[in-house]
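Q: First the structure, which I've put down as structure tokens, then a few questions once you've had a look.
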Amino acid sequence: MAYQKGVLLLLAVTMNLTLLNFHLAFAQLEWDLAKLDLLRDCWYTIHNEPNGVLSPSPTCCKTIKREDMDGVCEHITPTDQETINARKLVDATMACGKSFKTTTKYCGKFKIPPTADNYDTFKAIRGRL
């Protein structure tokens, strides 16, 4: 009887760990899909090339407003930053009228200015968009 309980306990622990790993993998997939949507709809604004910043298109702004940009910024990896310019992503987010939570300090490696919750101040400081 004790053997059966031990096997059942081991099976239950294994199933819980499997489900936890599945949940974590699924959550990462959601962030990856959000980043792909941003790349698709905002490519000319956020791509990591040295040319100037283009204002975000209406389609880009729609995607930015739909996505959890704080979460996207927290999940930008060094590999993502080979394609996505985090500074341009912050600029595009501000240009679309969406602000970051005060608890979001970085977008990838880029430090979000504390004035980012006020786009007019942000724009004046940056003098970019």
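Q: Looking only at the range 80-98, which residues are over 17 Å from ASN48 (Cβ atoms) and either charged (D, E, K, R) or modelled with pLDDT under 90 (or both)? Steps first, please.
A: Keep residues of the range 80-98 that are over 17 Å from ASN48 (Cβ atoms), which gives 94-98.
Within the range 80-98, LYS98 is the sole residue that qualifies.
Q: Which residues, taken from the range 49-70, are within 13 Å of the chain's Cα centre (by Cα), within 12 Å of LEU38 (Cβ to Cβ) and surrounded by 14 or more Cβ atoms within 10 Å (Cβ to Cβ)? Before the answer, list the steps.
A: In the first step, residues of the range 49-70 are kept if they are within 13 Å of the chain's Cα centre (by Cα); the result is 63-70.
When the remaining residues are screened for being within 12 Å of LEU38 (Cβ to Cβ), the result is 63-69.
Correct list: THR63, ILE64, GLU67, MET69.
The values are calculated or read from the model by the stated rules, or taken from the named source; none is laboratory data. Please read these numbers as outputs of a predicted model, since none were measured by experiment. Note that we place each Cβ from the backbone using ideal geometry, even for glycine, and neighbour counts take in every protein chain shown.
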